[in-house]
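Take a look at the structure set out below.
The values are calculated or read from the model by the stated rules, or taken from the named source; none is laboratory data. Please read these numbers as outputs of a predicted model, since none were measured by experiment. Here the Cβ positions follow ideal geometry from the backbone for every residue, glycine too, while neighbour counts run over all protein chains shown. Each accessible area value is taken on the protein alone, full model and side chains, heavy atoms only, with ligands, DNA and RNA left out. Shrake-Rupley method; radii C 1.70, N 1.55, O 1.52, S 1.80 Å.
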2 protein chains.
Amino acid sequence: MTTLAPLTEHYTPEARAQAESELFDLLRIPSVSADPAHVDDMGRAAEFLRAKLSSLGFTARTEATAGHPVVYAEHLKAPGKPTVLIYGHYDVQPEAPLEKWETPPFEPTVRGGRVYARGATDDKGQAYAHIRGVELLSQGQADSSTLPLNVKFLLEGEEEVGSANLEPYIRQHQEALKADAIIISDGSRFAPDVPTVTYGLRGLSYVEVHVTGANRDLHSGSYGGAAPNPINMLANIISRLKDDQGRVTIPGFYDGVDELTDTERAMWAKLPHDDAAFAASIGAAALPGEAGYSTLERLWARPTLDVNGIWGGYQGEGSKTVIASTAGAKISMRLVPGQDPERITRLIQEYVPTIAPEGAQVEVRALHGGQPVLIDLGNPYVQAAGRALEHVHGVAPMFTRGGGSIPIVSAFRELLHAPVVLLDFGLNEDAPHSPNESFALSDYHNGVLTSARMLQEIASGQEA
Amino acid sequence: MTTLAPLTEHYTPEARAQAESELFDLLRIPSVSADPAHVDDMGRAAEFLRAKLSSLGFTARTEATAGHPVVYAEHLKAPGKPTVLIYGHYDVQPEAPLEKWETPPFEPTVRGGRVYARGATDDKGQAYAHIRGVELLSQGQADSSTLPLNVKFLLEGEEEVGSANLEPYIRQHQEALKADAIIISDGSRFAPDVPTVTYGLRGLSYVEVHVTGANRDLHSGSYGGAAPNPINMLANIISRLKDDQGRVTIPGFYDGVDELTDTERAMWAKLPHDDAAFAASIGAAALPGEAGYSTLERLWARPTLDVNGIWGGYQGEGSKTVIASTAGAKISMRLVPGQDPERITRLIQEYVPTIAPEGAQVEVRALHGGQPVLIDLGNPYVQAAGRALEHVHGVAPMFTRGGGSIPIVSAFRELLHAPVVLLDFGLNEDAPHSPNESFALSDYHNGVLTSARMLQEIASGQEA
């Protein structure tokens, strides 16, 4: 095992101040992708990043898309060495409701060791940590115009509005974007004192169920007791989609689902999680779910089914004695590795008619799907990220999964055929998407150090 | 058995033409109670009726209420004879949508033996049939200024807007309104060729159920599998309120419910009803309901439970991965004799929490209630109505019930302690509340004859 050059000594108080000052300049640009009034700010933010990467020796350009521009930059001066692609986004959520911000969303303000601003953690702060990480890495080189590996940056401007133009962009630039690993820091890690690598995400199958009874609304006095009631029938259908053990009843639903390994269960059992505190944090009286699994197991490694919306009949004030003609519900299933969204969608489309009560005319429309993701923990890039975290934090990192989906992760995996490393520097308490979004400056600087160290680890090609 | 004086001979073609012409004059007055623009028309319609009743020897007045006036008239010149109170209403539904009317709603037009106009059947035509019935009855008297019994008319102007001022009026005039029987013709009979007396109405208990899971909306990726989902839980609650035989599962719900008598079942089995035609008329694939009862039995004599409205989570376009904090539903139960609305409301309020899934915080709010009504078929006034129908139509009448509620019926029974006779001259095909409302002139004239004959029967005090 070769010793990696120490980097911390280069990350001086002056360098830290400079890293903060640059990030704050970026945070001052109100790059709200959803608001057409900010189209010029989008261009300014993209140019800010392009110029910075250019100053670090990258060949950098902003590239037009059908929407906001993509910043693409590459530093390919280490032949024979690995190539990593670092993804991030420079657009931010709208600031509304403005009145709930303690300080203006686009005037970064430091309080209690945190910088408060829209985009502080999501994703300007986390993305910029990698840029400063690369800069720190170069400062550790004998020739600071070099890097010990090849690095590409892909920074988009439409993550907060659905990334509609990113997949076409990747498809079009498949060759240029080729990499051995893709690094993404755009989420929240498990807990403040727990350095974390995320190695799994759930997928999604989202459908809409429509139930029709009679061909028009009926008076419940004249027809109640004989007319099919689509709301009662829809409730019956929903209630039959899960059994009293919280298991989804759709035949074949669990086929191919990988059971958790003992290693994973043991690892997660060590995480600082407390059911009572978790329930209290959302004001819930209980945490119902699939029997036989812990809460974290249910959130990260088990599929589930939730009704996301329901409607039918009279929703106004007072009492209206109507039997509605139709009712509907939006139903989504979170999927885990081994489950294919298209297959699961087909299964529920086949199953619902078989459990529909007599008199129900049902239709199950497919709305949306997303592949689950599981990253091999033995993957050398994941391992490199883990060693970097341990080096910076002085404690062994935890390997966790996420309950949600990051659609772009699947696109990367499918189009670039490279492993993805999900290395989150932020926390849920940073309040991304909410008023008073913030980022702990210590998390930012640890992000810079972790990024640099991880790239060093990857360049050295060491295995743990 | 004394022979009743023949009345038909007095109902000459001239008298019929006059009865039509008077009704048409009343139909020309756009007495729309819901529309403040028609307040003068309300007064005109009330005065029209007062003047007519006055011309028949009634002491008649229009009386102010907090809303539209009541027309009250009495003819009390038959000491020792029974007193009947005839209820009706002179207000009508709004005419909208005007463009769907083939001829203007307030220009009565005769086509195919029917008069088309707003209020033709509901309730001007049916109420006026009684006024002309009384006139016909007086023409059969030796002294046409007399009547063989005492008659009171109570004609309100707010039935189509909820009769808010009628119960206070009745309460205030309890003594003046005293009667041996109350006659109401404000509904639809079963079928064209079936003269009918209605002897039962269902009651109502209407509640709103609210289910809360977490204290805020949650992301289904981050929380799906552990957070309580109020929509799933509400669906489970609803699905448990009825069993797979269509029976309501609330403990005590059926306590005190009178079983149908064999006579009733046999009587209703003879009615011209066909399940397939009934289902086709509402475009329903089936007529689900309580096992062991025919459709008419389920509609008229069995209690039931229907969800009238449901809401929760995301109801817009596309897919939103939210776990809602709350969900709600409006649930009503149609009640039959033996069931008290307040008791049933209490039962469901007690029951729902016991079947709520773990993690559900539930609240069941009482919204509305109404007493069921059952009129003793042996009641001499009901019998008199039946004999009158048989006399006019030449066929034995049918005794049916209605599935809905007529709130004012309970008020009459409770405040005036008199039996109510529900004698409907109209038909559903008259399209009350809809464009092109009409009333068959033959039904109108049969109404006049039936009313006169019934009053004659009551005056004679004969039993069948």
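Observations on the structure shown:
- If the condition is being closer than 13 Å to A:ALA226 by Cβ and facing chain A (nearest Cβ under 7 Å), then the stretch B:291-319 contributes B:THR295, B:ARG298, B:LEU299, B:ARG302, B:THR304, B:ASP306.
- Any chance A:SER325 is open to solvent by 30 Å² or more (accessible area, probe 1.4 Å) and of a type in the set (S, T, N, Q): no
- Exactly one residue out of A:ALA279, A:ALA266, A:ALA284 is within 14 Å of chain B (Cβ to nearest Cβ), small (Gly, Ala, Ser) and not in a loop (DSSP other than H, G, I, E, B): that is A:ALA279.
- Residue list for the stretch B:57-89, restricted to those being of a type in the set (A, V, I, L, M) and in contact with a His (Cβ under 7 Å, 6 or more places away or on another chain): B:ILE86
- Residues located in the stretch A:19-35, provided they are farther than 17 Å from A:GLU107 by Cα and either among the hydroxyl-bearing types (Ser, Thr, Tyr) or at pLDDT 95 or above (or both): A:SER33
- Out of B:VAL409, B:VAL362, one residue alone is touching a residue at least 24 places away in the same chain (Cβ under 8 Å), in a helix (DSSP H, G or I), within 13 Å of another protein chain (Cβ to nearest Cβ) and not aromatic (Phe, Trp, Tyr). It is B:VAL409.
- The residues on offer are B:SER438, B:SER434, and the sole one that is open to solvent by 10 Å² or more (accessible area, probe 1.4 Å) and not hydrophobic (A, V, I, L, M, F, W, C) is B:SER434.
- Exactly one residue out of A:LYS152, A:LYS81 is under 21 Å from A:ALA459 (Cβ atoms), of a type outside the set (S, T, N, Q) and part of a loop (DSSP other than H, G, I, E, B), and it is A:LYS81.
- Criterion: closer than 30 Å to B:ASP275 by Cβ and more than 10 Å from every other protein chain (Cβ to nearest Cβ) - qualifying residue of A:ILE323, A:ILE344, A:ILE348, A:ILE355: A:ILE355
- Single residue of the stretch B:331-359 satisfying the filter (part of a loop (DSSP other than H, G, I, E, B) and over 20 Å from B:GLY404 (Cβ atoms)) that is nearest to the chain's Cα centre (by Cα): B:ALA356
- For first residues located in the stretch B:30-51 and surrounded by fewer than 19 Cβ atoms within 10 Å (Cβ to Cβ), partners that are polar (S, T, N, Q) and lie 6+ apart or on another chain with Cβ distances below 8 Å form the pairs B:ALA34/B:GLN93; B:GLY43/B:THR62; B:ARG44/B:SER31; B:GLU47/B:THR62.
- Filtering the stretch B:5-38 to residues that are among the hydroxyl-bearing types (Ser, Thr, Tyr) and part of a helix (DSSP H, G or I) leaves B:THR8, B:SER21.
- Only a single item in (1) buried (at least 17 other Cβ atoms within 10 Å of the Cβ); (2) within 14 Å of A:PHE439 (Cβ to Cβ); (3) of a type outside the set (Asp, Glu) is not met by A:TYR90, and it is number (2).
- Which numbered condition B:LEU423 fails, given (1) modelled with pLDDT of 95 or more; (2) more than 14 Å from chain A (Cβ to nearest Cβ); (3) over 13 Å from the mean Cα position of the chain (by Cα): (3)
- Subset of the stretch B:166-203 (residues that are aliphatic (A, V, I, L, M) and open to solvent by 10 Å² or more (accessible area, probe 1.4 Å)): B:ALA176, B:ALA179, B:ALA191, B:VAL194, B:LEU201
- A single member of B:GLY378, B:GLY394 is free of Cβ contacts under 8 Å to residues at least 40 places away in the same chain, at positive phi and surrounded by fewer than 19 Cβ atoms within 10 Å (Cβ to Cβ), and it is B:GLY394.
- A:PHE48 being under 30 Å from A:ALA142 (Cβ atoms), at pLDDT 95 or above, among the hydrophobic types (A, V, I, L, M, F, W, C) and in a helix (DSSP H, G or I): yes
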